[in-house]
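Note sheet for the following structure.
The values are calculated or read from the model by the stated rules, or taken from the named source; none is laboratory data. All values derive from a computational prediction rather than experimental measurement. FYI the Cβ positions are ideal-geometry reconstructions off the backbone, even for glycines, and counts take in every protein chain you see.
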Amino acid sequence: MKKEKILSYIIFLVIGGIMGAILGRYLATSKSSYPELAYALFCLILSFYASVIIHEGGHFVMGHLTGYTFVSFRIGSLTWIKGDGKLLLKRFHIPGTGGQCLLMPPESEKPEEVPFFLYHLGGGLFNFITAGIFLPIGLFCENKYGKAALVIFGVWSLLSGLFNLIPMKLQVANDGYNLVELSRNKSVRVSLYKQLRINGLLYQGYIPSEIPEELFRMEDSSKGIYHGIEKMLRGSLFIDRKDFGAAEKLFGECIEDKNLISIYVSECKSELLFCKVMNGASREEIDALYDKELEGYIKASGKTQISKKRTMYAYDLIYKRDEAAAEKEYEAAMRMRKTYPALGELKSELSLIEYVKEQGFPVPQEGNI
């Protein structure tokens with residue numbers, strides 16, 4: 001995890017240095033520094049969001065051309081889903097991502113043969129196309145305001161394309177990393193197919209227990225982060241079935257997986273915390289797991305992810321015996337009902353929260369496992 005953070009800092013420093021050099025050169029040719037700087041910073045912020053929209057739009061277009069169907073389109077935490085024949089605005093966020101376009105692959109008896117290349121290439125490709133259009137126009141533009149806007153947008157689009165297509169595994173695996181893994185290994189394509197199908201069905205309103213179980217079946221030959229994700233998905237199935245013992249075993253194995261990227265490790269720890277609370281683990285186990293790092297992750301992701309409200313509701317009610325704190329988590333979860341995009345996940349989580357509410361577990365004792 002430390003290596004991932006160091007690499008991400010280096011990448012952002014490089015990007016910041018390049019953009020700083022562009023802004024510095026722009027200011028050097030300007031007569032009034034502060035107004036020009038404010039304008040350039042505005043262009044930079046606008047370019048970031050525009051490049052995210054274009055990037056995710058590239059995934060949508062190229063995925064749609066190869067048979068994928070629309071699931072959701074997210075910019076920041078604003079998420080659009082399709083419901084009742086129209087687009088609905090919801091809220092969701094994944095730490096470390098600026099946006100995401102999720103599509104569902106076509107149902108197939110041979111998932112390893114489902115096309116994947118254009119869907120994953122589309123985002124970076126559209127960024128490069130954008131840079132190829134706007135950067136040359138900006139370089140030859142004589143109006144200084146137009147030149148600044150076009151050059152900043154063009155350079156940012158170029159950097160976005162590079163950042164997404166040069167294979168990297170930071171907080172999340174980027175498109176380039178996914179393309180390499182998918183090209184190398186047939187079982188990886190099967191694993192990702194299952195992940196996208198499950199996600200699509202959750203958005204359609206199916207709870208995990210209603211989804212065909214073969215989609216949760218793990219491939220013995222799968223390697224790397226995708227095998228870990230398979231375990232996570234199967235763990236979510238066990239949690240939905242309220243088989244917390246089986247879920248705890250899987251999530252415990254996940255956090256020991258050296259190939260699993262940091263955000264998924266944090267996700268597994270969050271689910272493992274819930275399972276341990278529900279299974280009446282010892283105070284030593286729970287306190288050791290719920291450290292400052294996990295607390296920070298749950299707090300950040302819990303702003304839009306209802307599973308974190310479920311975890312903390314159980315933690316406060318069953319483990320801490322703090323009814324006031326638990327009630328706050330419960331009310332926050334109830335407020336998410338109108339804005340949560342994955343309808344099946346929402347139904348499952350609300351059912352789990354009510355299950356926790358009904359339980360009368362004893363306070364965990366020292367050494368009680």
Worksheet item: Is at least one residue of the stretch 191-204 in contact with an Asp or Glu (Cβ under 6 Å, 6 or more places away or on another chain), buried (at least 19 other Cβ atoms within 10 Å of the Cβ) and assigned by TED's automatic domain parsing to the domain that holds LEU350?
Response: yes
Worksheet entry | Enumeration of residues in the stretch 227-249 that are modelled with pLDDT of 95 or more, buried (at least 16 other Cβ atoms within 10 Å of the Cβ) and hydrophobic (A, V, I, L, M, F, W, C) | LEU237, PHE238, ILE239, PHE244, ALA247
Discussion item. Quick check on the stretch 340-362. Is at least one of its residues small (Gly, Ala, Ser), in contact with a Lys or Arg (Cβ under 6 Å, 6 or more places away or on another chain) and touching a residue at least 24 places away in the same chain (Cβ under 8 Å)?
Written reply: no
Discussion item. Out of everything in the stretch 245-269 that is of a type in the set (A, V, I, L, M, F, W, C) and in a helix (DSSP H, G or I), what residue ends up being farthest from ALA300 (Cα to Cα)?
Written reply: ALA246
Response to the item:
Residue hits (the stretch 204-226; assigned to a helix (DSSP H, G or I) and modelled with pLDDT under 95) are GLU213, GLU214, LEU215, PHE216, GLY224, ILE225, TYR226
Worksheet item: Residues of the stretch 303-328 being touching a residue at least 12 places away in the same chain (Cβ under 8 Å) and not in a helix (DSSP H, G or I), which ones?
Response: LYS303, THR304, GLN305, ARG321
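For (1) under 19 Å from LYS357 (Cβ atoms); (2) among the basic types (Lys, Arg), each residue gets a yes or a no:
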position	(1), (2)
PHE238	no, no
LYS242	yes, yes
VAL265	no, no
ASN279	yes, no
Discussion item. Pairs needed: first member in the stretch 132-161, on the phi < 0 side of the Ramachandran plot; second member anywhere, among the basic types (Lys, Arg) and part of a helix (DSSP H, G or I); C-beta distance under 9 Å; at least 6 residues apart or different chains.
Written reply: GLY138/LYS147; LEU139/LYS147; PHE140/LYS147; CYS141/LYS147
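Residues are listed down the side, and each one gets a yes or a no for (1) buried (at least 21 other Cβ atoms within 10 Å of the Cβ); (2) assigned by TED's automatic domain parsing to the domain that holds PHE60; (3) out of contact with any strand residue (DSSP E or B) (no Cβ under 9 Å at 6 or more places or on another chain); (4) at pLDDT 90 or above:
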{"position": "VAL114", "(1), (2), (3), (4)": "no, yes, yes, yes"}
{"position": "LEU125", "(1), (2), (3), (4)": "no, yes, yes, yes"}
{"position": "PRO136", "(1), (2), (3), (4)": "no, yes, yes, yes"}
{"position": "LYS144", "(1), (2), (3), (4)": "no, yes, yes, no"}
{"position": "ALA149", "(1), (2), (3), (4)": "yes, yes, yes, yes"}
{"position": "GLY154", "(1), (2), (3), (4)": "yes, yes, yes, yes"}
{"position": "LEU158", "(1), (2), (3), (4)": "no, yes, yes, yes"}
Worksheet item: Just one of GLU284, GLU331 is touching a residue at least 60 places away in the same chain (Cβ under 8 Å) and out of contact with any Asp or Glu (no Cβ under 6 Å at 6 or more places or on another chain); which is it?
Response: GLU284
